[in-house]
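These notes are about the structure you will find just below.
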Amino acid sequence: MMQRAVDNVLAVTKESVKTFTFESLNNIVRFINGLSALLLTILPGKANILEGFHGWELRPTFRGPRFPRWMEKGASSFNQFIHELSVDSDTSSVDYSSGEEDDHDGIYPLSPTSQSSRVSRTSTQGNCSWHWTDWIAYIFSWILLPAKFLFGVPFHLFHVSYMRQSRAPATPRSPRPLHFHSIKKPHAPKDHVVYRTTDRRRGVIEDLHLAIEIFIEAIFDMFHKAAYFLLSPTEAFKIIHGWFTSLRSDVKDVHPGVSDAYVTSTTLGSDDPAVTERKMTIYQSLNTDARTCQDVITEMGYPYEAIHVITSDGYVLHLERIPRRDARKAVYLQHGIFDSSMCWVSNGVVGSPAFAAYDQGYDVFLGNFRGFVSREHVDKKISSQRYWRYSINEHGTEDIPAMLEKIHEVKTAELKISNPDEETSHEQPYKLCAICHSLGGAAVLMYVITCQIEEKPHRLSRLILLSPAGFHEDSTIVFTAIEYLLCLLAPSMAPLVPAFYIPTRFFRMLFNKLARDFHNYPAVGGLVQTLIGYVAGGDSSNWVGVIGLPHYNMNDMPGVSLRVAHHLAQIKRSRRFRMYDYGSASVNMELYGSPEPLDLGEYYGLIDIPVDLVAGQKDQVIRPSMVRKHYKLMRDSGVDVSYNEFEYAHLDFTFAHHEELLAYLMSCLLLVEPAPKHQSSNKTVKLKKKGQQSL
């Protein structure tokens, strides 16, 4: 009777404390959200900044702007995820919406190369190390160690049960077979989106709720056990004895630390690829969204293949592929600054250029520049200063050549295998088109021009450049201030700040979780969106939506080298599209053959393939006037060039779903034809000779 009365008092008190604590926290969050909404009402220019930001609401409510529907988890409330902690987030089906009931099942035959596809760099790093809230509970249990001996309170049992409830067994994920999933089609004629995914991310506020609940549960569990032992002293000795015998085994069971997994891999392009086992160390994802491009592509039901490419200076690049091995037309997509291949698949099946090109019969290759915080290099012990010591030069003369040569090697070998009776020809057996955004556009132009100067084949049949970098003098006062600071401070900053990135996993995890909170609390997210828009000159891109995407995860978040930023500042100051100026006439002379860097704009006449330039009328990062400058120089140099404008901001070319842009890109791809053979003009010969002397 007494025990029941004590239990009732403790239960009521515990729920009261929980309610008071959670309501206090909610009121603080509401206050912050409301204050953000108030600031938004007085900040100038917010209408232009948020214009076109689909689904955004400035009212201080808890219903935030949505992710693209295919990336949504649905509700993310604390009550829901606390009851779903034991659900395995890796089991999900892919559903497409259409007005017709039509199931399509198909299986792609597995090849040695597809079986060797890279296990996701981050999604496989997900099941073993502890969440920070787990450490709180674990440390708290040991802080109360004296109580364990005094009262026999087995706090480790609470910790063990929580740990077992809050995550699935730490077993490595095996590579998924490449196949089309069964497609279910609900009755939603215009809703062509995928609405079930594997995003199990929690925000900082949700984690704080969980940590508080764990703390309160532990405190009241202590009082409950103490009261129980006082009222039932004979049971205390039994529990103390059982605690001493089971503590060691239980703690070992729930504290795996890190786990080693063995995955199979093969070498792409080998005649007889030998299957080997690679030892991989797998880490807990800490409830962040750590999906990669591989996860997205396979979840959409498309085949996937990863190719490791090593540049001549030792950088390991990840060239990803949606393969059509027998296709004689291929497309190479290259991302821009602070980005990755995720941008080309981020809008799901019906809104992504990569999937649209594949559906049109293209073999799709997704390039990734060097510049991830994982710092993959042949030298495993490379320092941060050495790794980040590169400019746009290396993107255009190392990264793109390495990836395109690997594409050439792979496609030539596959087409030879699929057509063994075909007569040997010196002509390239496939046509390759490049679609590049922002910095990727500047790098591919540098690649084509330097290849022409050095009289090397560039493998490309057409260029489609979306808001390409290269000219930047027409920009905002913010970019001008950054230009002056970089040009002034970059030489002295290099030893201390080699790149702009978040250096530790903890702060990258925090960044990833805050991005979730920006969506849960719309006024806070709106304020962040507005401030980023100010820095970007009022560009109305969905900045908050982009930083919430999985490629901004704690393992492989993209960064930007200080030299890349300095190179862009040099281009802006000089008003010319030039290669990197090393600041020393002797070094420039050694590399370029002249005291000044190579001016790429002077060599546009060497471009021997069609170029399609696309500008965004709302783009304040690279304004339409700067894209038109590319166009005028190319047109005056005799390049087969076209120019188009769309009513987009800078990131809309990749992260927004626009049917008109996809239709335009596909129409450009369909124009790819064999390059006509022609004699080089006298002007072209002179340009090549001049460039060879410079290089």
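Readers should treat all values here as calculations from the given coordinates under stated rules, not as data from a laboratory. These figures come from a predicted structure and were not determined experimentally. FYI the Cβ positions are ideal-geometry reconstructions off the backbone, even for glycines, and counts take in every protein chain you see.
For the reader, a short list of remarks on this structure follows.
- In summary, the convex hull built on the alpha carbon positions of region 417-492 has an orientation-averaged projected area of 8.6 nm².
- With a threshold of 19 Å on the Cα-Cα distance, the over-threshold entries among LYS456/LYS572; LYS381/LYS513; LYS411/LYS431 are LYS456/LYS572; LYS381/LYS513.
- Footprinting exposure proxy for THR13, THR476 (fewest neighbouring C-beta atoms within 10 Å first): THR13, THR476
- In terms of other Cβ atoms within 10 Å, VAL524, VAL316 run from fewest to most in the order VAL316, VAL524.
- Label-point gap, in nm, between GLU454 and THR504 - each point 7 angstrom along Cα→Cβ: 4.1 nm
- FRET efficiency estimate (nearest 0.05) - Cβ-Cβ, VAL316 to VAL17, R0 51 angstrom: 0.45
- With K and R counted +1 and D and E -1, the other residues having a Cβ less than 12 Å from that of LYS14 yield a net charge of -4.
- Residues with amide H under 5 Å from that of LYS431, placed H, sequence gap 5 or more: LYS329, ALA330
- R0 of 51 Å, Cβ-Cβ distance THR412-ILE32: FRET efficiency to nearest 0.05: 0.30
- Estimated FRET transfer efficiency when R0 is 25 angstrom, pair ILE42-THR480 (beta carbons, to 0.05): 0.45
- Ordered by the count of other Cβ atoms within 10 Å of each Cβ, fewest first, PHE223, PHE20, PHE365, PHE646 give PHE20, PHE223, PHE646, PHE365.
- Around the amide H of VAL641, modelled in the peptide plane, lie the amide H atoms of VAL611, all under 5 Å away and 5 or more residues distant in sequence or on another chain.
- Relative to the current alpha-carbon distance between ARG573 and VAL378, full extension at 0.36 nm per residue lengthens the span by 66.7 nm.
- For region 349-354, putting each phi into the Karplus relation 6.51 cos²θ - 1.76 cosθ + 1.60 with θ = phi - 60° gives couplings of 5, 8, x, 10, x, 5 Hz, in residue order, rounded to whole numbers and with x for Gly and Pro.
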